[in-house]
Each structure stands twice: as structure tokens, then as C-alpha cells.
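What follows is calculated from the coordinates using simple rules that are stated; it is not laboratory data. Quantities reported herein were computed from a predicted structural model and do not represent experimental measurements. Positions of Cβ are generated from backbone atoms using ideal geometry, with glycine treated the same way; all protein chains shown enter the neighbour counts.
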Amino acid sequence: MTERVLRGPLAQARGVIGRYPGPDDRVVFAFDDVAPRLVHMLGVRRPLRVRWFVDDACVRESVLRPWVGIGRARADRIVETQP
């Protein structure tokens with residue numbers, strides 16, 4: 001399994017747009033604190049499984065639809081994978 005950690009506002013704003021994760025890949029958005037985190041699918045052509053974490057506990061999980069999916073939850077880490 002390959003894990004790609006995105007830190008910083010530019011890398012996190014781009015997310016997986018144009019670089020969809022492979023079958024064994026995880027894209028991790030790491031933050032310094034717990035706050036409301038929004039994930040949008042604008043520009044993403046395939047569905048994603050998105051998990052929001054607080055202190056290593058998964059607090060929400062959703063499969064978001066391409067282009068129109070939106071999810072939000074409080075988190076200090078978000079993990080995106082193929083569904």
C-alpha cells in the first residue's frame with residue numbers, strides 16, 4: 001500500500017484532482033488541529049471513499065460521487081481511497 005501525505009494548503013486544495021489513487025493507494029490530508037473539513041468532488045472523475053478521523057478514530061465515512069459529491073465532518077486527518 002502506498003500512502004501519499006498532503007500537507008499545506010496548496011497540496012490539500014488540489015487533492016486528487018488529476019491524480020486518482022490506485023487500488024492500493026491512500027491519500028492522507030494531515031492537519032494540525034481538529035476542525036470542520038469539507039471534501040468536494042469538483043474535477044474528480046471517479047468516486048472516492050473518504051474517511052474523516054479525530055485522534056485516529058474514524059468519525060465519518062462516505063463514498064462521494066464524481067463531480068457532485070460533498071462531505072463534511074470535524075477531523076484532524078482525512079483519508080481518501082478508491083471505493
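Do you know which residues across the stretch 1-54 are of a type in the set (Gly, Ala, Ser), closer than 18 Å to PRO83 by Cβ and more than 12 Å from the chain's Cα centre (by Cα)? Outline the logic, then answer.
Quick first cut of the stretch 1-54, residues of a type in the set (Gly, Ala, Ser) only: 8, 11, 13, 15, 18, 22, 30, 35, 43.
From the residues that got through so far, the ones that are closer than 18 Å to PRO83 by Cβ too are 15, 22, 43.
Listed by number, the residues that qualify are GLY22, GLY43.
Consider ARG74 carefully, then state whether it is among the basic types (Lys, Arg) and within 19 Å of ARG4 (Cα to Cα).
No; evaluated as a whole, the condition is false for this residue.
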